[in-house]
Amino acid sequence: MFERELATTAAAMVAPGKGILAIDESGGTIKKRFDSIGIESTVETRRAYRDLLITADGLSQFISGMILYDETIKQVAKDGTPFPEVLRKSGILAGIKVDTGAKDLSGAPGEKVSEGLDGLRERLAEYRKLGATFAKWRAVITIGKDIPSAYCIAANTHALARYAALCQEAGIVPIVEPEVLMDGNHTLERCFDMTENTLLALFHALYQQRVRVEHTILKASMVIAGKDCPQQASVQQVAAATIRCLKRTVPAALPGVVFLSGGQSDEDATAHLDAMNKRGPHPWELSFSYGRALQAAPLHAWRGDPANRVSAQAALLQRAKLNSLARSGKYSPDMEQRAA
Ligand code: 13P
C-alpha cells in the first residue's frame, strides 16, 4: 500500500533546489526562542509567529516542506484557513513531529531516549487526515566520557525503526533523525566514529523492522568538532568527513539526506552544505532541514511586533534562498555580504 505515494512524497521533499523548514519546536523549546527576543510564549504569539513563516510569499521556490508541531498543525491562519491547507495551496508539504521528546534513559546517566510510540498508529492516522504527508522523529545522541553507550544507540535506533515502520504503514514518509549533539569538547574524529556507529545501527534496525529505505529520509547531523573543542575544523574538513561517514553507512537506495543545523551559525550551516554539494554528485540528494539556521534571522527581525512581519518574512526568504543555492553547490560566502 501507498508505494507510489510514498515515493512521490519522498522525491518532492528533496526536490532539486529545495529543502525543509523545521518549525516544530516543542512548547519548551519555542519558549526558549521567544525568551531570546523578550516576548512571552502564548498560544497566540506562537500562532502569530508560525503564521508569518507559513504564509511567507514565494517560499515554495526554496522550501519543499515544513515540519509542524502538534499545536501548529491544528491552528489556522488569520483568515481562518488551517495551516496545512495554506501550505498545500502554496505547494509546500506539511510534516509533523511525532516523538514526544527525549527523556532520561534509565540506567544510563547522561543519556536520553525519545518517547512517543504509544498510540502512534492512531496519531498518524489523525495527522494524515489533517494533511500531513511526512513525519519526523528525533533521537538524541550525546558524546561525553564513555558515552554514547551501545545501549543508548540500540534503544534509540530501535524506536526510530518502529516509528518509521508505522509511518510507512500509514502512507507517511518518515524522517529518521538521530542527532549527534555538538555539545562538548570532543574532536571531529570522535564525532565521526560516533556518527558512524549510530548510522550503522540505524540502518540495521530499519532493515530488521522491514522499513523501506526508498521511502525514508535521513535527517543527519554533520560530522563536526564539539562546540568546546579547541580545535575547530575548516568548512572543507567538515564537508569531507561528513560525506565519508555517509558513504560508509547510508544505502544508495535512500532518496535523500537532509541536515539539521544543530547550533551552527547560519553562515556555517549554509557553507557546509554548499561544500558537500560541490563535492557531488552523491548517491542521495543532500539538502537541509534547518530550524535555527533558517529561523534566527526572521525571529530577530520580528521581535513579536506585527509591524515587523514583512521584514521578518524577507529575512526568512533570504536565508531560504541562500540554502537553496547551497543545496545545489551554488553558494558563495560573499553572497552574505551583498545581502547584509
Ligand atoms: P536545528 O536546525 O535548529 O538543529 O533544528 C532542526 C531540527 O528539527 C532538530 O530536530
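The values are calculated or read from the model by the stated rules, or taken from the named source; none is laboratory data. Because the structure is a prediction, the values reported are computed rather than measured. Quick reminder, even Gly has a Cβ in these numbers, built from the backbone with ideal geometry, and neighbours come from all protein chains shown.
Which residue, of K136, K103, K129, is within 29 Å of G65 (Cα to Cα), at pLDDT 95 or above, within 15 Å of the ligand (Cβ to nearest atom) and not in a loop (DSSP other than H, G, I, E, B)?
After applying the criteria, what remains is K136.
Report the residue count in segment 245-261 for those that are farther than 12 Å from K219 by Cα and part of a helix (DSSP H, G or I).
Adding up the residues that qualify gives 4.
If you take the residues of segment 206-238 that are within 20 Å of the chain's Cα centre (by Cα) and among the hydroxyl-bearing types (S, T, Y), which of them is surrounded by the most Cβ atoms within 10 Å (Cβ to Cβ)?
T216
Would you be able to tell me the number of residues in segment 206-264 that are among the polar types (S, T, N, Q) and under 24 Å from A161 (Cβ atoms)?
6
Report whether or not Q313 is under 23 Å from T55 (Cβ atoms) and in contact (Cβ under 8 Å) with a residue 60 or more places away in the chain.
Against the criterion (under 23 Å from T55 (Cβ atoms) and in contact (Cβ under 8 Å) with a residue 60 or more places away in the chain), Q313 qualifies.
Tell me which residues, restricted to segment 239-259, are more than 16 Å from F192 (Cα to Cα) and buried (at least 16 other Cβ atoms within 10 Å of the Cβ).
Quick first cut of segment 239-259, residues more than 16 Å from F192 (Cα to Cα) only: 251-258.
Hits for segment 239-259 are L254, P255, G256, V257, V258.
Could you grab the pairs with beta carbons closer than 8 Å, sequence gap of 6+ or different chains, first residue in segment 283-302 and of a type outside the set (S, T, Y) and at pLDDT 95 or above, second one part of a strand (DSSP E or B) and away from the ligand (no atom under 13 Å from the Cβ)?
Within 8 Å, the pairs are W284/G256; W284/V257; E285/G256; E285/V257; L286/G256; L286/V257.
Could you check, for segment 80-103, whether at least one of its residues is closer than 30 Å to A155 by Cα, more than 15 Å from the chain's Cα centre (by Cα) and in contact (Cβ under 8 Å) with a residue 24 or more places away in the chain?
yes
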